[in-house]
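All remarks here apply to the structure that follows.
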Amino acid sequence: MLTNYDAKGVAEVMGIAFLPGSKSGSSPSATSVGTGKGASNSPSDAPGGDFVIHVADTRVLVVEARKNNTFARFSRNRDRRHSDFNGNVLSSPSPVLIEKAVERGLPRQALRHVAEWLTGGDKVKASWLEWRVVPKTTLERRETQLSPQESERTERIARLFVHARRALGTEPEAREFMTTPHPQLDGRSPVEAAKTDLGARRAEQILNALEYGLAL
């Protein structure tokens with residue numbers, strides 16, 4: 001999967017960007033950042049769901065980005081503890097950065113971004129699709145951040161959509177594939193199948209067959 005993993009496309013669909021910072025341990029806030037599997041904010045997380053991950057010996061700030069590939073402008077004034085992050089430079093998305101962000105728990109808005117890509121910006125349909133991924137009552141408790149498990153589902157759906165867009169050629173065809181029940185998925189749509197890793201892999205097999213002319 002990683003050989004064809006479009007990290008840039010997945011990050012774009014999830015609406016996240018990565019700002020490089022200082023080396024780990026070079027500032028007081030670095031030691032207080034965790035990469036564990038809790039969904040609560042750590043002391044050095046920024047307002048609005050932004051948070052810090054560690055990649056090798058470098059700290060990286062995960063921030064919300066817009067659909068047009070520009071990130072929601074990061075303001076150093078809103079949290080002095082993040083003054084060592086470069087607000088003008090984005091790190092190129094990579095599988096490692098996305099994996100670390102998923103482990104930490106994606107911003108709650110990442111699921112909204114994915115849902116709007118899959119529904120062409122229809123906010124009503126986007127809400128309905130979000131609730132198919134995370135139940136409404138649970139999602140209402142997620143003020144700024146998804147749990148790692150919910151983040152995994154969000155990433156799988158984003159990854160499948162990017163794969164479908166590449167395999168089928170257009171976004172409308174990718175949206176139709178993602179939301180339409182498929183006989184090879186026991187009558188489920190790829191969005192529903194992606195609730196589990198095995199279901200997502202089965203959907204990927206269908207897309208590989210379409211992309212490379214393979215038999216199912």
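Consider only pairs whose beta carbons are under 7 Å apart and that are at least six residues apart or on different chains; among these, list those whose first residue lies in region 190-216 and is of a type in the set (A, V, I, L, M, F, W, C) and whose second residue is not in a helix (DSSP H, G or I).
200/194; 203/194; 206/182; 206/216; 209/215; 209/216
Within region 132-169, take every residue that is touching a Gly at 6+ places or on another chain (Cβ under 6 Å) and not polar (S, T, N, Q) and give me the one that is surrounded by the most Cβ atoms within 10 Å (Cβ to Cβ).
Checking each candidate, the answer is 146.
When you go through (1) out of contact with any Phe, Trp or Tyr (no Cβ under 9 Å at 6 or more places or on another chain); (2) part of a helix (DSSP H, G or I); (3) in contact (Cβ under 8 Å) with a residue 12 or more places away in the chain one by one for residue 125, which number turns out not to apply?
Status for residue 125: all satisfied but (3).
Taking into account only those residues within region 182-216 that are of a type in the set (S, T, N, Q) and outside any helix (DSSP H, G or I), which is farthest from residue 163 (Cα to Cα)? Don't jump to the end; show me each part of the working.
So in region 182-216, the residues of a type in the set (S, T, N, Q) come out as 184, 189, 196, 205, 208.
Then drop every residue that is not outside any helix (DSSP H, G or I), which leaves 189, 196.
Working: 189: 15, 196: 17 Å.
Among those that are of a type in the set (S, T, N, Q) and outside any helix (DSSP H, G or I), it is 196.
With the requirement that a residue be closer than 18 Å to residue 16 by Cβ and either more than 16 Å from the chain's Cα centre (by Cα) or in a loop (DSSP other than H, G, I, E, B) (or both), what does region 128-149 give you?
Matches in region 128-149: 134, 142, 143, 144, 146, 147.
Quick one: how many residues across region 157-181 are among the polar types (S, T, N, Q) and either part of a helix (DSSP H, G or I) or within 18 Å of the chain's Cα centre (by Cα) (or both)?
Within region 157-181, the first condition is being among the polar types (S, T, N, Q), and the residues that meet it are 170, 179-180.
After this cut, where a residue has to be either part of a helix (DSSP H, G or I) or within 18 Å of the chain's Cα centre (by Cα) (or both) as well, the list is 179.
Of the residues in region 157-181, 1 are among the polar types (S, T, N, Q) and either part of a helix (DSSP H, G or I) or within 18 Å of the chain's Cα centre (by Cα) (or both).
In the set 108, 153, 141, which member is in contact with an Asp or Glu (Cβ under 8 Å, 6 or more places away or on another chain) and either hydroxyl-bearing (Ser, Thr, Tyr) or at pLDDT 90 or above (or both)? Lay out the reasoning, then the answer.
Working: 153 fails: in contact with an Asp or Glu (Cβ under 8 Å, 6 or more places away or on another chain); 141 fails: in contact with an Asp or Glu (Cβ under 8 Å, 6 or more places away or on another chain).
Exactly one residue qualifies, and that residue is 108.
Go over the candidates 198, 185, 214, 207 one by one and state the one that is at pLDDT 95 or above and more than 22 Å from residue 119 (Cα to Cα). Step through it out loud before you land on a result.
Details: 185 fails: more than 22 Å from residue 119 (Cα to Cα); 214 fails: at pLDDT 95 or above; 207 fails: more than 22 Å from residue 119 (Cα to Cα).
Going through 198, 185, 214, 207 in turn, just one is at pLDDT 95 or above and more than 22 Å from residue 119 (Cα to Cα): 198.
The values are calculated or read from the model by the stated rules, or taken from the named source; none is laboratory data. Treat the numbers as computed from the prediction; the structure is a model and nothing was measured. All Cβ positions, glycine included, derive from the backbone under ideal geometry; neighbour counts span all protein chains shown.
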